[in-house]
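The block underneath contains the structure these notes are about, expressed in structure tokens.
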Amino acid sequence: MSSARLPVLEKFIHELRKVWSTNADNQSRMERAKPLLEKFVMEPTLKAHSRDWPSTEGHKNLLLYVDPDYDFVINAVVRVPGRKGSIHDHANAWVLYGLLDGTESLERYDRIDDGKRPGYAELKLASVTTGSQGKVDLVPPRSIHAEQGGDTRSVAIIVRSRKLGEGTVLQGRYDPATKTRTEGYGPTQVPYELVA
Ligand SMILES: [Fe+2]
């Protein structure tokens, strides 16, 4: 029953639906959703609730919400200390990535080859930003990046313009050591209701 949903999440969903209903394109929606996510990840009740969330090790996401009208999705990831993230893109999805607990670093990469050789990709590290609770990154479609865990357990909330994962859209995966690019589905989606 939706009345049992954690009130701060209910409010966040309501705010996002308003943004989606009043903006037509995903870039504008995501830019307007960014300050809302910045506020959401500072909610003390959400942070307290997240202490019990299960680890998403093994390429998983907690699936907190899928909007029935606008198709945007709210996910969570719970990383173990020292988690090494692999380099990937999100295909055509727009993604907001907001830290709720712990610290993580976001590495962004530039592609320096022309993209014409199938399976081949040359990358250059463009920037690394480390953040803690309240930091939100906007990751545009096909932007190449990696999320790296910190010294402690970390939790992030993700808003996606569309669902990713098994059977949806293939995302790029990159290995700078071998200069290869492969494709695969994103994390396994584990339905997880936040109830009060
Ligand atoms: Fe990502």
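Restricting attention to the stretch 73-101, the residues that are among the charged types (D, E, K, R) and assigned to a loop (DSSP other than H, G, I, E, B) add up to 3. When ASP71 is tested against (1) more than 16 Å from the ligand (Cβ to nearest atom); (2) free of Cβ contacts under 8 Å to residues at least 60 places away in the same chain; (3) not hydrophobic (A, V, I, L, M, F, W, C), only condition (2) is not met.
Among the residues here, VAL139 does not qualify as among the β-branched types (Val, Ile, Thr) and either at positive phi or in contact with a Lys or Arg (Cβ under 8 Å, 6 or more places away or on another chain) (or both). Of the residues making up the stretch 43-99, those that are modelled with pLDDT under 95 and basic (Lys, Arg) are ARG83, LYS84.
Do we find that ALA4 is buried (at least 17 other Cβ atoms within 10 Å of the Cβ) and either touching a helix residue (DSSP H, G or I) at 6+ places or on another chain (Cβ under 9 Å) or among the aliphatic types (A, V, I, L, M) (or both) in this structure? It is false that ALA4 is buried (at least 17 other Cβ atoms within 10 Å of the Cβ) and either touching a helix residue (DSSP H, G or I) at 6+ places or on another chain (Cβ under 9 Å) or among the aliphatic types (A, V, I, L, M) (or both).
Kindly indicate whether any position in the stretch 57-68 is within 16 Å of the ligand (Cβ to nearest atom), aromatic (Phe, Trp, Tyr) and assigned to a strand (DSSP E or B). Looking for residues that are within 16 Å of the ligand (Cβ to nearest atom), aromatic (Phe, Trp, Tyr) and assigned to a strand (DSSP E or B), one finds none in the stretch 57-68, hence no.
Whenever a residue of the stretch 83-102 is in contact (Cβ under 8 Å) with a residue 12 or more places away in the chain and over 17 Å from ASN26 (Cα atoms), its partners that are within 13 Å of the ligand (Cβ to nearest atom) and among the hydroxyl-bearing types (Ser, Thr, Tyr), lying with C-beta atoms within less than 6 angstrom and at least six residues away or across chains, give the pairs ILE87/TYR174. Restricting attention to the stretch 105-133, the residues that are touching a Lys or Arg at 6+ places or on another chain (Cβ under 7 Å) and of a type in the set (Asp, Glu) total 2.
Note on the stretch 155-166: among residues that are within 22 Å of GLY82 (Cβ to Cβ) and within 12 Å of the ligand (Cβ to nearest atom), the one that is farthest from the chain's Cα centre (by Cα) is ALA156. When the residues of the stretch 91-123 are filtered to those that are more than 15 Å from the chain's Cα centre (by Cα) and basic (Lys, Arg), the one that is surrounded by the most Cβ atoms within 10 Å (Cβ to Cβ) is ARG111. Contact map, the stretch 142-154: first residue within 12 Å of the ligand (Cβ to nearest atom), second residue at pLDDT 95 or above and part of a loop (DSSP other than H, G, I, E, B), Cβ cut-off under 6 Å, separation 6 or more or different chains; pairs are ARG142/ASP89; ILE144/ASP89.
The values are calculated or read from the model by the stated rules, or taken from the named source; none is laboratory data. Here the structure is a predicted model, which means the values were calculated and not measured. We place every Cβ from the backbone using ideal geometry, glycine too, and count neighbours over all the protein chains shown.
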